[in-house]
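The values are calculated or read from the model by the stated rules, or taken from the named source; none is laboratory data. All values derive from a computational prediction rather than experimental measurement. Don't worry about glycine lacking a Cβ; one is built from the backbone with ideal geometry, like all the others, and counts go over all protein chains shown.
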Amino acid sequence: MAPATDEELVRAVLDGDQDAFRKLVERYQGRLVNYLFRLLRDLDEAHDVTQEVFLKVYQALDRFDPRYRFSTWLFRVGQNAAIDVIRKRRLRLVSLSRADDGEEGREWELPSGERGPYGALRNVERGDAIGRAIEGLPDEYRELITLRHYGELSYDDIAALKEMPLGTVKNKLFRGRQMLKERLADFLVD
């Protein structure tokens, strides 16, 4: 039996099936946390906001317009919640490799196909370089790259979420990737 679509799950929740909402949460929780982390730059805060977003969505589920995709609506609610958090704290740039107080922060590791200590070191360096490159992008490009590659949204979903023409989304993603390619030139050649 094929998994239920988002819209079928929404209808089931509205008909009283509470388990259907759990399925929606399981389907999108990881991607939403990842997306919010990229916007907020704080994993604990991303988890907190994700819970708030699912609560808001659950409470407003009767207002969901089935003409649109559930994922687009969910990520729009998430984006708005992140913007509210950012406004409250006044956005600060945070290094991925250091905590705000100057102490060492979280270690970021990427799985490697390379073996040995050199491969592991190279992956850490790549991860740091990718994080810095993404952080260094202008906001409009960073957000679209984040939605596409961390939020795993389609071009159409991003266009709907950002209320942009599809061609503009594709163009800005292309430009953003080009900027990343230039910034990461040293890591593209081994």
All but one of (1) surrounded by fewer than 19 Cβ atoms within 10 Å (Cβ to Cβ); (2) over 25 Å from G131 (Cβ atoms) hold for D48; which doesn't?
(2)
Scanning the stretch 9-50 for residues that are more than 17 Å from W73 (Cβ to Cβ) and polar (S, T, N, Q), which turns out modelled with the highest pLDDT?
N34
Can A4 be described as assigned to a helix (DSSP H, G or I) and more than 28 Å from E135 (Cβ to Cβ)?
no
Only one residue in L153, L173, L137 is closer than 20 Å to R69 by Cα, of a type outside the set (D, E) and not assigned by TED's automatic domain parsing to the domain that holds Q29, so which one is that?
L153
Extreme residue, surrounded by the fewest Cβ atoms within 10 Å (Cβ to Cβ), among residues of the stretch 176-185 that are in a helix (DSSP H, G or I) and among the hydrophobic types (A, V, I, L, M, F, W, C):
A185
Residue that is nearest to L14 (Cα to Cα) [pool: residues in the stretch 61-81 that are without any contact (Cβ under 8 Å) to a residue 12 or more places away in the chain and not in a helix (DSSP H, G or I)]:
D65
Subset of the stretch 152-175 [touching a residue at least 40 places away in the same chain (Cβ under 8 Å), buried (at least 16 other Cβ atoms within 10 Å of the Cβ) and either of a type in the set (D, E) or not in a helix (DSSP H, G or I) (or both)]
L153, D157
Filtering the stretch 12-52 down to residues that are touching a residue at least 24 places away in the same chain (Cβ under 8 Å) and either outside any helix (DSSP H, G or I) or more than 23 Å from the chain's Cα centre (by Cα) (or both) yields V13, L14, R41, D42
Quick one: which of E107, E140, E125 is in contact with a helix residue (DSSP H, G or I) (Cβ under 8 Å, 6 or more places away or on another chain) and either at pLDDT below 55 or outside any helix (DSSP H, G or I) (or both)?
E107
Does L9 satisfy the criteria of being in contact with an Asp or Glu (Cβ under 8 Å, 6 or more places away or on another chain), farther than 19 Å from L147 by Cα and hydrophobic (A, V, I, L, M, F, W, C)?
no
Criterion first (of a type in the set (G, A, S), part of a helix (DSSP H, G or I), modelled with pLDDT under 80 and over 20 Å from V33 (Cα atoms)) does A133 satisfy it?
no
